[in-house]
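Participant: One structure, pasted below without further comment.
The values are calculated or read from the model by the stated rules, or taken from the named source; none is laboratory data. These numbers come from a predicted model, not from an experiment. Cβ placement follows ideal geometry from the backbone for every residue including glycine, while neighbour counts extend to all protein chains displayed. SASA here: full protein model, heavy atoms, side chains in, ligands and nucleic acids out. Shrake-Rupley method; radii C 1.70, N 1.55, O 1.52, S 1.80 Å.
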Amino acid sequence: MAGKGGTTPATYSPSPATAKKKPPHLKEDWLRPDGRGFHQCRPAFFRTGAVNAASGSAYAEFGNTKVIVSVFGPRESKKAMLYNDTGRLNCNVSLTTFATPVRGQGLDHKEYTAMLHKALEGAIIVESFPKTTVDVFALVLESSGSDLPVIISCASLALADAGIMMYDLVASVSVSCLSKNLVIDPILEEENCQDGSLMIACMPSRYEITQLTVTGEWSTPKINEGMQLCLDACAKLAKIMRLCLKEAASDSQE
Amino acid sequence: MEINRPDGRTPNQLRPLACSRSVLHRAHGSASWAQGETKVLAAVYGPKAGTKKNENPEKASIEVIWKPKTGQIGKAERESEMILKKTLESICIRTIYPNTTTSIIVQVVHDDGALLPCAINAACAALVDAGIPLKHLAVAVCCSVTDSGGIILDPTKHEEENMKAFAYLVFPNAIVTVLPERSLQVSGESIAHGIITSVTQGAMSVDDYLHCLDRGRAASARLSEFLRKNIEPKPTSEASKAG
Amino acid sequence: MEKIKKRMGLPNASEDLSSEMEVDAFRRLFPLRYFERHLAESIRPDGRPLMKARETSIFLGAVASANGSALVKIGSTTMLTAIKMEVMTPSLESPDEGCIAIDFHMPPICSPIVRPGRPAEASPVVSKQLSDTISSSKMIDLKELSLVSGKAAWMAYLDVYCLDADGALFDAALLSAVAALSHLQIPAVAMNDDGRIIIMSDEEGQKQEPVNKEKRKLTLKSILFSLTCILHKNYILVDPTSEEESIMETHVTIVLDTSGQLISFYKPGGSVLAYTAAIQDCVAISRQRVQELKSILENSAMEVE
């Protein structure tokens with residue numbers, strides 16, 4: 001009951017207008033807003049077992065981007081599904097209303113769900129849970145650039161926490177192209193004025209890519225450079241994820 | 001203290017009650033209940049086979065659908081449905097017909113204060129009309145607390161909006177009951193003193209709330225008398241209803 | 001766990017089945033009997049005495065980009081609340097008052113019963129309970145949310161997200177809403193030439209006349225705290241987990257404020273009737289809990305500063 005009056009009135013946010021400003025990186029000595037080098041990722045923080053009610057869960061924090069992923073399953077498929085030798089993967093990504101700087105702005109990111117599904121389905125051994133479904137639900141608590149890569153990495157950690165059999169952990173990193181420079185792990189301001197982006201989700205130990213997404217115009221040498229940057233970063237990220245899982249396992253043994 | 005009510009009632013006086021049974025011919029049971037201007041129509045269908053996925057199949061389950069007078073179904077309707085469902089589940093004997101669902105549809109005809117108690121009374125009368133086995137009857141009253149601390153029963157909508165706080169209370173009521181004799185007295189209080197449901201709104205002191213309970217209990221005796229009189233089986237030779 | 005197995009092994013004429021079965025199986029197949037065995041010894045399966053609530057912690061300022069936020073954990077139940085302020089034109093009947101819109105969400109991550117597209121049954125009920133409780137208690141004076149009388153006022157969107165559902169959802173939701181409101185800082189704004197309100201940034205501070213001088217906090221007249229109990233036969237169980245809530249149906253939620261007034265006594269049905277003695281016991285336990293929660297909230301507020 002929000003005061004008197006029937007329908008909720010129209011409101012606007014008093015923040016200063018965030019129009020797409022002229023990209024400041026045209027200057028030669030442009031620095032990134034948070035002081036990182038062009039090829040430096042944000043410090044990553046992972047924690048498994050964030051949600052008790054789920055079979056497996058993980059919380060990831062990359063700078064200001066915070067994501068929680070819960071995995072439920074394997075559990076019974078809906079009756080409408082016909083018998084299937086392989087298991088099913090069901091994903092859903094949603095954002096909180098306060099995830100974006102202006103309330104309610106990014107709630108229609110429906111493509112994240114489909115992209116998460118595609119990134120994970122190559123890595124999960126679906127034959128290990130026939131007739132059942134594994135549900136992966138992600139909630140973005142705060143969105144501050146490079147959301148989908150964080151969601152994918154966090155989801156694969158949650159799947160590992162739930163004990164779902166996978167070929168390898170999936171690590172994911174994205175690279176933005178700002179005029180001539182390649183910038184890894186972009187934040188929201190950089191994403192807003194980017195000329196193109198490249199996102200890779202890969203399984204580092206097997207050196208296989210589960211998903212590659214490119215937007216914008218890229219020349220061949222640029223794509224190669226971008227891919228190499230991403231793959232190196234993914235390998236380092238996978239090491240951090242493994243460390244997190246090992247710590248969680250040794251904590252639970254004590 | 002003298003409390004002046006716009007329609008001239010005393011603080012303990014309920015509005016004129018009106019109840020009719022079997023108003024809908026195709027429903028298995030139905031009743032309409034009016035307290036002053038507030039009128040609610042309840043229809044009961046069931047028991048039907050099968051339970052919903054989340055319900056316990058070892059017991060009969062109850063499903064409530066609340067239809068507001070105008071507008072879409074929103075959170076307020078869902079809350080009323082849940083309160084009604086839990087209240088009626090506690091008065092039905094659920095172990096007699098396991099794995100069945102009884103649907104109760106409540107249609108608000110006019111809202112002039114004390115809507116939820118009116119709906120509970122109507123639903124209870126409809127359940128009796130349908131012949132669903134009940135442990136005891138449920139009788140609902142609305143008590144409100146004025147700014148000066150006095151208690152008023154059965155406020156109209158206008159009075160409700162000006163009150164400091166109000167409480168909807170549901171009491172059990174039984175003359176003859178299936179429960180054994182011993183359990184009719186619990187720690188010195190008879191079974192009719194316990195509350196099945198209580199929903200309050202607004203700030204009041206704990207003593208005010210306990211006074212509301214006392215007044216509510218006294219009023220529930222009058223309400224239950226009226227309810228019993230009105231739901232006695234009519235001596236007509238109607239053909240039995242279909243279904 | 002060992003204690004329970006030993007107890008199960010004791011010869012008991014009427015329940016021989018229990019001594020042959022594993023504890024987990026007994027817990028799933030006969031949940032009510034499992035709990036009653038514990039209640040007879042005045043203890044619950046997680047080791048708590050009947051009258052003890054779970055460990056509670058409050059963390060203010062969890063969401064940096066929101067005007068006020070709080071993360072609350074009661075046992076495993078986790079709630080995250082964030083408040084975002086937007087500007088609206090006030091209604092004609094109350095030109096001096098702002099507005100608070102409270103919404104409670106249960107996203108699919110929090111519990112196996114919630115599916116995307118099929119919201120939990122509890123979600124609209126807790127949402128309405130929350131907004132009714134906070135608005136009817138007059139904890140907040142809506143006049144503080146006014147900016148320019150008749151033209152602009154604050155609309156505070158308070159969103160409570162359940163991150164982990166393990167019983168006592170309303171308690172945790174109310175506590176996190178109240179904590180976020182106590183942490184809320186209303187930004188300093190100015191009206192620009194078009195009549196729109198914008199946040200004053202330091203550079204343009206000199207040009208416009210600020211509508212409110214500096215960032216301020218809401219005054220909360222008396223803070224609300226709640227406690228959920230379960231009534232089962234003669235026992236009162238305080239702060240149930242979701243397992244206990246699903247087995248024993250009679251829940252009572254009491255909301256008290258710091259001045260001792262009863263804001264809400266909510267008992268939605270249930271097979272156990274509440275007698276005056278039980279009501280008074282519950283209210284007494286709630287009063288103790290109010291003191292506990294009040295000190296926890298004050299400690300967390302001091303940590304922020």
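Participant: When you look at C:Pro124, is it more than 16 Å from the chain's Cα centre (by Cα) and not aliphatic (A, V, I, L, M), yes or no?
Facilitator: no
So that you can scan it fast, the table gives a plain yes or no per residue for (1) buried (at least 17 other Cβ atoms within 10 Å of the Cβ); (2) small (Gly, Ala, Ser):
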{"site": "A:Arg88", "(1), (2)": "yes, no"}
{"site": "A:Val93", "(1), (2)": "yes, no"}
{"site": "A:Thr96", "(1), (2)": "yes, no"}
{"site": "A:Thr100", "(1), (2)": "yes, no"}
{"site": "A:Glu111", "(1), (2)": "no, no"}
{"site": "A:Ala114", "(1), (2)": "no, yes"}
{"site": "A:Ala119", "(1), (2)": "yes, yes"}
{"site": "A:Ala123", "(1), (2)": "yes, yes"}
{"site": "A:Phe129", "(1), (2)": "yes, no"}
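Participant: Condition test on C:Pro45, is it under 30 Å from A:Ser143 (Cβ atoms) and assigned to a loop (DSSP other than H, G, I, E, B)?
Facilitator: No: the conditions fail for C:Pro45.
Participant: Follow-up. Tally the residues that are surrounded by fewer than 20 Cβ atoms within 10 Å (Cβ to Cβ) and in a helix (DSSP H, G or I), restricting the search to the stretch C:135-154.
Facilitator: Selection size over the stretch C:135-154: 4.
Participant: With crowded, with 22+ Cβ neighbours inside 10 Å, in contact with a strand residue (DSSP E or B) (Cβ under 7 Å, 6 or more places away or on another chain) and small (Gly, Ala, Ser) as the only criterion, which of B:Ser30, B:Ser20 stands out?
Facilitator: Of B:Ser30, B:Ser20, the one residue that is crowded, with 22+ Cβ neighbours inside 10 Å, in contact with a strand residue (DSSP E or B) (Cβ under 7 Å, 6 or more places away or on another chain) and small (Gly, Ala, Ser) is B:Ser30.
Participant: May I pose another question? Can you pull out the residues in the stretch C:67-102 that are closer than 23 Å to B:Glu79 by Cα and more than 8 Å from chain A (Cβ to nearest Cβ)?
Facilitator: C:Thr77, C:Met79, C:Thr81
Participant: Which condition number in (1) free of Cβ contacts under 8 Å to residues at least 12 places away in the same chain; (2) open to solvent by 40 Å² or more (accessible area, probe 1.4 Å); (3) at the interface with chain A (Cβ under 8 Å from one of its Cβ atoms); (4) not aromatic (Phe, Trp, Tyr) is the one that C:Pro108 fails?
Facilitator: (2) is the only condition that C:Pro108 fails.
Participant: Which residues, counting only those in the stretch B:166-180, are open to solvent by 20 Å² or more (accessible area, probe 1.4 Å) and at pLDDT 85 or above?
Facilitator: Those that are open to solvent by 20 Å² or more (accessible area, probe 1.4 Å) and at pLDDT 85 or above: B:Phe166, B:Tyr168.
Participant: Whether any residue in the stretch A:115-138 is over 28 Å from A:Leu82 (Cβ atoms), touching a strand residue (DSSP E or B) at 6+ places or on another chain (Cβ under 7 Å) and assigned to a loop (DSSP other than H, G, I, E, B) is what I want to check.
Facilitator: No: zero hits.
Participant: Right, next: How many residues are closer than 19 Å to C:Glu121 by Cα and at pLDDT below 90 when one looks only at the stretch B:91-107? Before the answer, list the steps.
Facilitator: Step one: list which residues in the stretch B:91-107 are closer than 19 Å to C:Glu121 by Cα, which gives B:101-106.
After this cut, where a residue has to be at pLDDT below 90 as well, the list is none.
Residues that pass the stated criteria total 0.
Participant: Restricting attention to the stretch B:87-97, report how many residues are outside any strand (DSSP E or B) and touching a helix residue (DSSP H, G or I) at 6+ places or on another chain (Cβ under 9 Å).
Facilitator: 3
Participant: Going through the stretch B:98-142 one residue at a time, which ones are touching a helix residue (DSSP H, G or I) at 6+ places or on another chain (Cβ under 9 Å), assigned to a strand (DSSP E or B), free of Cβ contacts under 8 Å to residues at least 60 places away in the same chain and surrounded by fewer than 22 Cβ atoms within 10 Å (Cβ to Cβ)?
Facilitator: Correct list: B:Leu134 only.
Participant: OK, next. Can you find a residue in the stretch C:218-228 that is over 23 Å from C:Lys294 (Cα atoms), more than 10 Å from chain A (Cβ to nearest Cβ), at pLDDT below 90 and part of a loop (DSSP other than H, G, I, E, B)?
Facilitator: Looking for residues that are over 23 Å from C:Lys294 (Cα atoms), more than 10 Å from chain A (Cβ to nearest Cβ), at pLDDT below 90 and part of a loop (DSSP other than H, G, I, E, B), one finds none in the stretch C:218-228, hence no.
Participant: Let me ask you something else. It is to be established whether one or more residues within the stretch C:56-63 are closer than 30 Å to C:Leu175 by Cβ, open to solvent by 60 Å² or more (accessible area, probe 1.4 Å) and modelled with pLDDT of 90 or more.
Facilitator: Yes: one or more hits.
Participant: I'd like the full set of residues that are open to solvent by 30 Å² or more (accessible area, probe 1.4 Å) and under 25 Å from A:Leu212 (Cα atoms), limited to the stretch A:232-254.
Facilitator: The answer is A:Asp232, A:Ala235, A:Lys236, A:Lys239, A:Ile240, A:Arg242.
Participant: Looking at A:Ala138, A:Ala123, can you tell me which residue is small (Gly, Ala, Ser) and more than 30 Å from C:Ala70 (Cβ to Cβ)?
Facilitator: One residue alone meets the criteria, A:Ala123.
Participant: Something else now. What number of residues within the stretch A:47-79 are of a type in the set (A, V, I, L, M), more than 10 Å from chain C (Cβ to nearest Cβ) and in a loop (DSSP other than H, G, I, E, B)?
Facilitator: Selection size over the stretch A:47-79: 0.
Participant: Give me a count of the residues in the stretch C:243-290 that are closer than 26 Å to B:Ser80 by Cβ, in a helix (DSSP H, G or I) and either facing chain B (nearest Cβ under 10 Å) or open to solvent by 10 Å² or more (accessible area, probe 1.4 Å) (or both).
Facilitator: 7
Participant: Right, C:Leu158: assigned to a strand (DSSP E or B) and either surrounded by fewer than 23 Cβ atoms within 10 Å (Cβ to Cβ) or in contact with a His (Cβ under 7 Å, 6 or more places away or on another chain) (or both) or not?
Facilitator: no
Participant: Look through B:Pro11, B:Pro57, B:Pro68 and report the one residue that is within 21 Å of B:Lys86 (Cα to Cα), open to solvent by less than 50 Å² (accessible area, probe 1.4 Å) and of a type outside the set (Gly, Ala, Ser).
Facilitator: Every option except B:Pro68 fails the conditions.
Participant: Yes or no: the stretch A:110-121 includes at least one residue that is out of contact with any Leu (no Cβ under 7 Å at 6 or more places or on another chain) and farther than 30 Å from C:Asp103 by Cβ.
Facilitator: Yes, there is a match, as at least one residue in the stretch A:110-121 is out of contact with any Leu (no Cβ under 7 Å at 6 or more places or on another chain) and farther than 30 Å from C:Asp103 by Cβ.
Participant: On the given criteria, is B:Glu77 within 12 Å of chain C (Cβ to nearest Cβ), in contact with a strand residue (DSSP E or B) (Cβ under 7 Å, 6 or more places away or on another chain) and charged (D, E, K, R)?
Facilitator: Here the answer is yes, as B:Glu77 does meet what is asked.
Participant: On to the next question. Taking the options A:Pro16, A:Pro24, name whichever one is modelled with pLDDT under 70, touching a Ser or Thr at 6+ places or on another chain (Cβ under 8 Å) and surrounded by 11 or more Cβ atoms within 10 Å (Cβ to Cβ).
Facilitator: A:Pro16
Participant: Sort out which residues of the stretch C:24-66 are closer than 19 Å to C:Thr228 by Cβ, within 14 Å of chain A (Cβ to nearest Cβ) and touching a strand residue (DSSP E or B) at 6+ places or on another chain (Cβ under 8 Å), and write them in order of number.
Facilitator: C:Arg54, C:Glu55
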